[in-house]
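Structure, as structure tokens:
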Amino acid sequence: MKEELKIIQYPKRSGEKYSLDFMSLENAKKVQAFHASFPVYQETPLACLPETAKALGVENFYVKDESYRFGLNAFKVLGGSYAIGNYLAQKLGKSISEMPYERLVSEEVKRELGDITFVTATDGNHGRGVAWTANRLGQKAVVYMPKGSAQERLKNIQAEGAEASITEMNYDEAVRLANKQAEEKGWVMVQDTAWEGYEDIPEWIMQGYGTMGYEAYTQLPEKPTHIFLQAGVGSMAGAVTGFFAGVYGEDRPVITIVEPNKADCIFRTAKEGDGKLHFVTGDMDTIMAGLACGEPCSIGWNVLKDYADNFISCPDYMAAQGMRILGNPIAGDNRVTAGESGAAAFGCVTEILRNPRYAKIKEKLGLNETSRVLFFNTEGDTDKENYCSIVWDGAYVRD
């Protein structure tokens, strides 16, 4: 095997920790109420795979399936819509609870707001969510995509009325381009990557992701022993970690963050442990396009450093394996259509459970026959051509 899985077990911090108030259960209920005001809102399913879990030596797998979210095949719209809703509410001098969907789309509100352009960088799912929200609210969106982005994802964004294009830049460079355009043209940047002076919108995006965690919490028939979360910049991972750490306190499940080894900025930051963020540069040519981010979200990292237990860097074939197993589980289990990023954490865990080479890592993680493991399938087959190449044709298999 050419590429190995790497793991860091992070020591539990004592003393004062990063505040989780912004991801509290009370706030999550408010965020969910905003999302529920959208006519297309439906709670996404929690798939249960007990037969597959038992075949791999654990008690149960639960997979929150975001491929059903708002008809957009991915969870990202939760963050973009809540951030845009908050921005518009503040512009009107209102709280988000006073501005449900029906108010935001009213002619009166549109006249008061005028024309606003929202700009973002994305590999596809986040940009589609921003474009969809702007379109529904009668506003404009401009979307920049990194080189190598799938044409299908570009067309899906354009179909929502956005001005979208694929650049010759990597993801982080595209973020800087979007921010430069926002500053020069008076547009509103909607990005889940935070930095000094740009923190409100990324925090709102993370709160938006909280709806996914809150729904899963209410759907689970039992408390999970483990939660595995894939990460790009770490905003989704930080949001879900923060929510469950807040709900369960010191009795929280073991939380593990999974990244592609070609874009493992959070893993590197955890490994260095020097209080600084560590970046990955270059092309980051992983199949996990939604996770191909080289610069951590500062807010996400603040949560993860205090509440996550393990950090894993894994090769592409594990995500591909996760896609195949989720799409073809043991008979009787729910089938889940997962894209490369959506299946990353699940595929990583199945490899740890199946491959004797990782027996010690399995032991470190505490995975055994009593483990109940929660995952989040953050995207479906948003690049259908690549999905078929991996699932049908067997692309990206273990060496």
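The values are calculated or read from the model by the stated rules, or taken from the named source; none is laboratory data. Computed from a predicted model, the values in this text were never measured in an experiment. Cβ placement follows ideal geometry from the backbone for every residue including glycine, while neighbour counts extend to all protein chains displayed.
Run Lys147 past the list (1) under 19 Å from Leu72 (Cβ atoms); (2) not in a helix (DSSP H, G or I) and report the number of the one that doesn't hold.
Checking Lys147 against (1) under 19 Å from Leu72 (Cβ atoms); (2) not in a helix (DSSP H, G or I), the one that fails is (1).
Name the residues in the range 271-307 that are surrounded by fewer than 24 Cβ atoms within 10 Å (Cβ to Cβ), of a type outside the set (Asp, Glu) and not in a loop (DSSP other than H, G, I, E, B), would you?
Passing the criteria: Lys271, Ser298, Asn302, Lys305, Tyr307.
I'm told Gln90 meets every condition in (1) in the same structural domain as Gly332 (by TED's automatic domain parsing); (2) surrounded by fewer than 22 Cβ atoms within 10 Å (Cβ to Cβ) except one. Can you identify the failing condition by its number?
Evaluating Gln90 over (1) in the same structural domain as Gly332 (by TED's automatic domain parsing); (2) surrounded by fewer than 22 Cβ atoms within 10 Å (Cβ to Cβ) leaves (1) as the failure.
Quick test of your reading of the structure: Asp264 fulfils all but one of (1) closer than 18 Å to His226 by Cα; (2) of a type in the set (Asp, Glu); (3) crowded, with 24+ Cβ neighbours inside 10 Å. Name the failing condition by number.
(1)
Regarding Val31, is this residue in a helix (DSSP H, G or I) and outside the structural domain of Glu351 (by TED's automatic domain parsing)?
Details: in a helix (DSSP H, G or I): yes; outside the structural domain of Glu351 (by TED's automatic domain parsing): no.
Spelling it out, it is not the case that Val31 is in a helix (DSSP H, G or I) and outside the structural domain of Glu351 (by TED's automatic domain parsing).
Would you mind stating whether Tyr68 is of a type outside the set (A, V, I, L, M, F, W, C), assigned by TED's automatic domain parsing to the domain that holds Gly129 and farther than 30 Å from Asn368 by Cα?
Working: of a type outside the set (A, V, I, L, M, F, W, C): yes; assigned by TED's automatic domain parsing to the domain that holds Gly129: no; farther than 30 Å from Asn368 by Cα: yes.
The answer is no for Tyr68.
Restricting attention to the range 308-329, which residues are among the β-branched types (Val, Ile, Thr) and not in a helix (DSSP H, G or I)? Even if it seems obvious, please write down each step before you answer.
Let us first name the residues in the range 308-329 that are among the β-branched types (Val, Ile, Thr), namely 312, 325.
Once the filter is applied, which keeps residues that are among the β-branched types (Val, Ile, Thr) and not in a helix (DSSP H, G or I), the range 308-329 yields only Ile312.
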